[in-house]
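Here is the structure we will look at.
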Amino acid sequence: MGLGLIVAVAAAISAGIILALLPWLQRHALAHPNSRSSHLKSTPQGGGYAVIIAAIGVAAGVVAFGLDKPPFDHGSLWLVLASTAFIAVVGAVDDMRTIEVAPRLVLQTLAVGIMIASLPTELRVVPMLPWWIERAMLLFACLWFVNLTNFMDGIDWMTVVEFVPIAIGLTIIGVLGALPMHGVVVALALCGGLIGFAPFNRPVARIFLGDVGSLPIGLLFGWLLVLVAGQGYIAAAIVLPLYYLADATLTLLRRFINCEPFWQAHRTHFYQRATDRGFSVPQIIARVFATNLGLVALAVASVLWPGPPSIAVALGGGSALVGWLLYHFSRGKP
């Protein structure tokens, strides 16, 4: 199956499922505004059903029907898709009836642990560390990535403008050899699923993603980034999601230092503070999208010209881009 066709089929499936589910979600899965919300009226959530069903379905179809030309490691991919489905169920339940923090974290850890178990035994990101310490660190890092993806999904189109560029970047560097072909297929299927969701989530959104979407999206992209790092392209794996990593991690650290209950929902991320300081949602997402395009270019360059100079440029340039954006959001609109 052609790469473009994977995106088109996933987008069509995603959009079709949303159209079918929207009336039911409007009756049974409304997100009501509260003091932490960025929306002003009750809005259905659950667009993630469509994104994840489309992504898993298309990726599984490419494998099951032998539409892939290069060979896949089918066994590991099925395990990843199973863990994705599991964490999507956790998110769906949490959308409908809140799961307490501790059991939710246990269930998320189980899903991420299954994903980590699917990684090739020989995959190493930091070879100088003992294997078991490295795997424990990957588990923690991916668990954080799953949660920060959820935390950052706080305004219309934010997840779209973050992960569509990342998916495109992963596809490009995959073609260059930095990601196995089964990873490219999953990235494209996710990209299509998000594109199908995008028209319904454009400001002002008719539907939200929900935990049923944000948690599995975080898991799948975390897995893809680990695969890239395991191929020796750590700089690309860091630079591609750098905006999300920086906004979420710095916000967590600030709340921890200020002795705030960092495990509770809030609206103090940089992009949320920007809405309180004069930026409209379209202005915020346009800046995030532009920043992500720059990060994709830097990540691709680090793969095209591997070596210390390009790594330094990618990490330094990416840090400068994201630092400028966070400062811009913190300062507010002139």
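Considering only segment 107-117, I want to know if a residue exists there that is in a loop (DSSP other than H, G, I, E, B) and farther than 30 Å from PRO199 by Cβ.
No, there is no match, as no residue in segment 107-117 is in a loop (DSSP other than H, G, I, E, B) and farther than 30 Å from PRO199 by Cβ.
Condition check: of a type in the set (A, V, I, L, M), closer than 29 Å to ARG135 by Cβ and either without any contact (Cβ under 8 Å) to a residue 40 or more places away in the chain or open to solvent by less than 50 Å² (accessible area, probe 1.4 Å) (or both). Does VAL228 satisfy that?
Yes: the conditions hold for VAL228.
Just checking, which of VAL125, VAL175 is in contact (Cβ under 8 Å) with a residue 24 or more places away in the chain, open to solvent by 20 Å² or more (accessible area, probe 1.4 Å) and either more than 19 Å from LEU215 (Cβ to Cβ) or in contact with a Gly (Cβ under 6 Å, 6 or more places away or on another chain) (or both)?
That would be VAL125, the only listed residue that is in contact (Cβ under 8 Å) with a residue 24 or more places away in the chain, open to solvent by 20 Å² or more (accessible area, probe 1.4 Å) and either more than 19 Å from LEU215 (Cβ to Cβ) or in contact with a Gly (Cβ under 6 Å, 6 or more places away or on another chain) (or both).
Can you find a residue in segment 204-218 that is farther than 18 Å from CYS142 by Cα, open to solvent by less than 10 Å² (accessible area, probe 1.4 Å) and among the aromatic types (Phe, Trp, Tyr)?
no
Any residue in segment 291-303 that is open to solvent by less than 60 Å² (accessible area, probe 1.4 Å), out of contact with any strand residue (DSSP E or B) (no Cβ under 7 Å at 6 or more places or on another chain) and more than 13 Å from LEU240 (Cβ to Cβ)?
Checking segment 291-303: not a single residue is open to solvent by less than 60 Å² (accessible area, probe 1.4 Å), out of contact with any strand residue (DSSP E or B) (no Cβ under 7 Å at 6 or more places or on another chain) and more than 13 Å from LEU240 (Cβ to Cβ).
Is it the case that some residue within segment 23-44 is at pLDDT 95 or above, open to solvent by less than 40 Å² (accessible area, probe 1.4 Å) and not small (Gly, Ala, Ser)?
no
Filter segment 245-272 down to residues that are assigned to a loop (DSSP other than H, G, I, E, B) and touching a Gly at 6+ places or on another chain (Cβ under 9 Å) and give me whichever is most open to solvent (accessible area, probe 1.4 Å).
ARG267
Within segment 147-198, track down each residue that is within 12 Å of the chain's Cα centre (by Cα) and among the charged types (D, E, K, R).
The answer is ASP153, GLU162.
For THR275, all conditions in the list (1) open to solvent by 50 Å² or more (accessible area, probe 1.4 Å); (2) of a type in the set (S, T, N, Q); (3) at pLDDT below 95 hold save one; what is the number of the exception?
Only one criterion in (1) open to solvent by 50 Å² or more (accessible area, probe 1.4 Å); (2) of a type in the set (S, T, N, Q); (3) at pLDDT below 95 is unmet by THR275, namely (1).
I need a count of the residues in segment 146-159 that are within 19 Å of ALA59 (Cβ to Cβ) and in contact (Cβ under 8 Å) with a residue 60 or more places away in the chain.
2
Just a yes or no: is a residue in segment 181-202 of a type in the set (S, T, N, Q), closer than 30 Å to GLY230 by Cα and modelled with pLDDT of 95 or more?
no
Filtering segment 291-322 down to residues that are of a type outside the set (A, V, I, L, M) and in contact with a helix residue (DSSP H, G or I) (Cβ under 8 Å, 6 or more places away or on another chain), which residue is modelled with the lowest pLDDT?
Of everything passing the filter in segment 291-322, SER310 is modelled with the lowest pLDDT.
The values are calculated or read from the model by the stated rules, or taken from the named source; none is laboratory data. The structure displayed is predicted, hence computed values, not measured ones. No Cβ is skipped: glycine too gets one built from the backbone with ideal geometry, and neighbour counts run over all protein chains shown. Surface accessibility is based on the protein's heavy atoms, side chains included, excluding ligands, DNA and RNA. Shrake-Rupley method; radii C 1.70, N 1.55, O 1.52, S 1.80 Å.
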